[in-house]
Amino acid sequence: MKTIVSFLLFSSYTGAFVLFYVDKASGTTKMEEKVPDLGIEEETGTMNLFEYIEKKQ
């Protein structure tokens with residue numbers, strides 16, 4: 001079975017881009033931050049989105 005991954009892009013007023021790659025099957029979410037003007041690109045963490053949503057409800 002093929003896992004489908006979606007991503008969400010958030011752009012802040014500082015010029016940084018934060019990308020959230022979400023595995024729709026497992027809820028595993030990888031976060032990356034990119035600052036093009038400074039040449040910075042780093043993985044900022046992972047979380048399980050399904051667990052987060054469960055706690056908030």
**OP:** Would you mind computing, in nm to one decimal, how far apart the modelled labels at Leu8 and Ile53 are, each placed 7 Å from Cα along Cα→Cβ?
**Re:** 1.0 nm
**OP:** Mind listing the long-range amide H neighbours of Thr28? Cut-off is under 5 Å, sequence gap 5 or more, other chains count too, H placed in the peptide plane at 1.01 Å from N.
**Re:** Asp23, Leu49
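Where a number appears in this text, it was derived from the coordinates with a stated rule and is not lab data. These numbers come from a predicted model, not from an experiment. Ideal geometry is used to build each Cβ from the backbone, glycine not excepted, and the neighbour counts take in all protein chains shown.
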